[in-house]
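Encoded as structure tokens, the structure appears first; notes follow it.
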Amino acid sequence: VQLQASGGGLVQPGGTLRLSCVATGGVYRSNTMAWYRQPPGDQRELVASIAYSGTTTYADSVKGRFTISRDNTAKKVYLQMNSLKPEDTAVYYCNLNQYNGQWWGRGTQVTVSS
């Protein structure tokens, strides 16, 4: 499985960004896709996850601001990020978890700064 993320960049506080990630290779149904982030000098943390069924979970810090969604046919997962804050600055990683393992994409940098 390979995961390719895109959509990061520099945005001002209060701005929006949309991250995308496409999975290729041996992707099976009933997987869970997720976005993690790693702020500078800090540990990687879960931002949001979405099951194949569409069930979602969010970190408390992003609830009401971020929305995770997926396109099962295209094997894509998205993260719509609104009302961005400087503390959202991090490298964001796409993740896929299925019965035979877990995979990570290369990170995409999100910087929120004026």
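The values are calculated or read from the model by the stated rules, or taken from the named source; none is laboratory data. Bear in mind that the values here come from a model prediction, so they are computed numbers and not experimental data. Using ideal geometry, Cβ is built from the backbone for each residue, glycine included, and neighbour counts are taken over all protein chains shown. Ligands, DNA and RNA are excluded from the accessible area calculation, which covers all protein heavy atoms including side chains. Shrake-Rupley method; radii C 1.70, N 1.55, O 1.52, S 1.80 Å.
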> What figure in square angstrom, to the nearest 10, would you give for the accessible area of S30 with a 1.4 Å probe?
Replying inline: 100 Å²
> Can you give the charge dipole size of the chain about its Cα centre, rounded to the nearest 20 debye, using +1 on the beta carbon of Lys and Arg and -1 on the beta carbon of Asp and Glu?
Replying inline: 300 debye
>> Given the whole protein assembly as supplied and a 1.4 Å probe, what does the accessible area of K63 come to in Å², nearest 10?
In response: 120 Å²
>> What is the percent carbon and sulfur in the accessible area of the chain, measuring with a 1.4 Å probe over the protein chains and ignoring ligands?
In response: 45 percent
>> Below 14 angstrom from the Cβ of G54, what's the summed charge of the other residues (Lys, Arg +1; Asp, Glu -1)?
In response: +2
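Hey, can you find the accessible area per residue of the chain for me, probe 1.4 Å, expressed in square angstrom? Walk me through the numbers before you get to the answer.
Details: 6060 Å² over 114 residues.
Ligands and nucleic acids excluded, the figure is 53 Å² per residue.
Could you state the orientation-averaged shadow area of the convex hull built on the Cα atoms of the chain, in nm² to one decimal? Let's see the in-between values first.
Working: hull surface 26.0 nm².
The orientation-averaged projected area of the Cα hull of the chain comes to 6.5 nm².
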> Picking from L84, S6, G107, whose Cα lies most toward the positive end of the charge dipole for region 4-114 (charges on Cβ: Lys, Arg +1; Asp, Glu -1)?
Replying inline: S6
> Any idea what the relative contact order of the chain is, in percent, if you count C-alpha pairs under 8 Å spaced at least 6 apart?
Replying inline: 37 percent
> Put a dot 7 Å past each Cα toward the Cβ at N97 and L10; how far apart are the dots in nm?
Replying inline: 3.5 nm
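With Rg and the Kirkwood Rh both taken from Cα atoms, where does Rg over Rh land for region 64-114?
Values: Rg = 13.1 Å, Rh = 12.7 Å.
A ratio of 1.03.
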